[in-house]
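*Asks:* One structure follows; several queries about it will come next.
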Amino acid sequence: MASSVYARTLQKAAELIGSRQKLARHLRVPLAELEKWIAGTALPPTGSFLQAVDVVIDATPAPGAPSSDPGEPSAPREAAAVRQSC
């Protein structure tokens, strides 16, 4: 069975915050309940899911933001800037 967007988001939030236990504390839910959501056997309440989304968003660089990874390609330049430099 494919993972739901809920399960994938909660799993990613747990990885980013450090552990499932830490995410359960952050969401103020029992670990057993969080485990059900990640397993896909129950759906999280909307509020808890949106808190997990916030964790993921907060850890994700904004588009066009400078990358901390020197191996990552730079963001594409605006078309006007490209024309001016030609």
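The values are calculated or read from the model by the stated rules, or taken from the named source; none is laboratory data. Note that the structure is a prediction, hence the values are computed from the model and not measured. FYI the Cβ positions are ideal-geometry reconstructions off the backbone, even for glycines, and counts take in every protein chain you see.
*Asks:* Within segment 33-59, restricting attention to residues that are more than 14 Å from the chain's Cα centre (by Cα), closer than 18 Å to Glu15 by Cα and of a type outside the set (A, V, I, L, M), which residue is surrounded by the most Cβ atoms within 10 Å (Cβ to Cβ)?
*Replies:* Filtering first and then ranking leaves Trp37.
*Asks:* I'd like to verify a number: residues in segment 25-45 that are under 10 Å from Tyr6 (Cα atoms) and in a helix (DSSP H, G or I), how many?
*Replies:* So the count comes out to 3.
*Asks:* Please tell me if Ala79 is loosely packed, with under 11 Cβ neighbours inside 10 Å and at pLDDT below 95. Give the derivation first.
*Replies:* Numbers: loosely packed, with under 11 Cβ neighbours inside 10 Å: yes; at pLDDT below 95: yes.
Yes; evaluated as a whole, the condition is true for this residue.
*Asks:* A follow-up question, please. Is it fair to say Ala62 is surrounded by fewer than 14 Cβ atoms within 10 Å (Cβ to Cβ) and either more than 17 Å from Tyr6 (Cα to Cα) or in contact with a Phe, Trp or Tyr (Cβ under 7 Å, 6 or more places away or on another chain) (or both)?
*Replies:* Details: surrounded by fewer than 14 Cβ atoms within 10 Å (Cβ to Cβ): yes; either more than 17 Å from Tyr6 (Cα to Cα) or in contact with a Phe, Trp or Tyr (Cβ under 7 Å, 6 or more places away or on another chain) (or both): yes.
Considered against the rule, which asks whether it is surrounded by fewer than 14 Cβ atoms within 10 Å (Cβ to Cβ) and either more than 17 Å from Tyr6 (Cα to Cα) or in contact with a Phe, Trp or Tyr (Cβ under 7 Å, 6 or more places away or on another chain) (or both), Ala62 comes out as yes.
*Asks:* Let me ask you something else. On the given criteria, is Ala52 in a helix (DSSP H, G or I), among the aliphatic types (A, V, I, L, M) and out of contact with any helix residue (DSSP H, G or I) (no Cβ under 6 Å at 6 or more places or on another chain)?
*Replies:* Working: in a helix (DSSP H, G or I): yes; among the aliphatic types (A, V, I, L, M): yes; out of contact with any helix residue (DSSP H, G or I) (no Cβ under 6 Å at 6 or more places or on another chain): no.
No: the conditions fail for Ala52.
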